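Reading through the structure tokens given below for one structure.
The values are calculated or read from the model by the stated rules, or taken from the named source; none is laboratory data. Quantities reported herein were computed from a predicted structural model and do not represent experimental measurements. Cβ sites come from the backbone with ideal geometry, for glycine too, and all protein chains shown count toward neighbours.
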Amino acid sequence: MSQIKEIAVVGAGQMGSGIAQVCASSGFQVRMQDISQESLDRAQGVIEKSLDRLVKKEKISAEQKQSCLSNITTSTKVEDLASCDLLIEAATENVDLKLSLFSRFDQLIKKDAILASNTSSISITKIAGVTQRPEKVIGMHFMNPVPIMKLVEVINGLRTSEETTQTVLELSKAIGKTTVTAKDFPGFLVNRILCPMINEAVFALESGIASPKDIDAAMKLGTNQPMGPLELADFVGLDTVLAIMEVLHEGLGEDKYRPAPLLRQYVEAGLYGRKSGQGFYEYTGGNS
């Protein structure tokens, strides 16, 4: 793990900014990249607010906040990531986009660097297949919100080396995370279990069994979950939940993974949840 000093994070959205924050807070030099300078500026603001909350709660000192911020630089150019030791991709959950990005990363990033994807469902083996370094491609699935959630799901592709796996496991521990390892099957582990539950809650709503509020109350109070499935779907993003269900349905070929028609309808209407201001519930302002 000693070879990991500089970490690149591609994508400055909710996940990317969180990953950048936890890596920089642990002393790593982080270069956050996005095609939009506006997104980078917004991400820096989100990180600073997150750190301010930690200072206020006395979880970190003002000096630690400044140290974290000083460890993060930003760029709109992928070429500026060439010297990184580990690249973590946190772009939109779109298979064509990820394949295109990793093909480009492979050409631009130094040959001994590890290329990781924060994908929540897309095959690591497939992503690795567009590179000339499949043994150095791995999945690092962080949970949202990254600074709070302790888990990193580590996914090995068919040709991921043991050395790469051990390096990523040690790095995850160094940034304060607990890991589980999963094989490269559709949905991996967390979303293989979680998203069908959310999807079933949408089917229940579609069938008129209960209201969103009652569905969530039943699952929170009846199964001791901190968030109900529909509230959680809004938090994750209905478009992301749909994308994962489509991967499960296509990859496993079983009808039980068929996305609920109402879920698809909400996404087609642009009702993505918190980030759009409305999903199964309404929110004041959207979160990017």
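G286 - would you say it is small (G, A, S), farther than 17 Å from M143 by Cα, assigned to a loop (DSSP other than H, G, I, E, B) and modelled with pLDDT under 95?
In short, yes.
Scan the range 70-88 for residues that are small (G, A, S) and under 21 Å from the mean Cα position of the chain (by Cα) and jot them down. Walk me through how you get there before you give the answer.
From the range 70-88, those small (G, A, S) are 70, 75, 82-83; that's our starting set.
Of everything in the range 70-88, just one residue is small (G, A, S) and under 21 Å from the mean Cα position of the chain (by Cα), namely S75.
Being in a helix (DSSP H, G or I) and of a type in the set (D, E) is the filter; apply it to the range 78-92 and report the residue that is surrounded by the fewest Cβ atoms within 10 Å (Cβ to Cβ). Talk me through it step by step, then tell me what you get.
So the first thing to find is which residues in the range 78-92 are in a helix (DSSP H, G or I), and the list is 78-81.
Going one step further and asking which of them are of a type in the set (D, E), we end up with 79-80.
Numbers: E79: 10, D80: 15.
Among residues in the range 78-92 that are in a helix (DSSP H, G or I) and of a type in the set (D, E), the one surrounded by the fewest Cβ atoms within 10 Å (Cβ to Cβ) is E79.
With the condition kept exactly as written, say whether any residue in the range 188-207 is crowded, with 22+ Cβ neighbours inside 10 Å, polar (S, T, N, Q) and closer than 22 Å to L151 by Cβ.
yes
Which condition from (1) free of Cβ contacts under 8 Å to residues at least 60 places away in the same chain; (2) more than 24 Å from the chain's Cα centre (by Cα) is the one that L230 breaks?
It is condition (2) that L230 fails.
Give me the pairs: first residue in the range 260-271 and surrounded by fewer than 16 Cβ atoms within 10 Å (Cβ to Cβ), second residue assigned to a helix (DSSP H, G or I) and of a type in the set (G, A, S), beta-carbon distance under 9 Å, and six or more apart or on different chains, which are they?
Listed by first residue and then by second, the contacts come to G270/S276.
Have a look at D239, D214, D255 and point out the one that is without any contact (Cβ under 8 Å) to a residue 24 or more places away in the chain, touching a helix residue (DSSP H, G or I) at 6+ places or on another chain (Cβ under 9 Å) and charged (D, E, K, R).
D255
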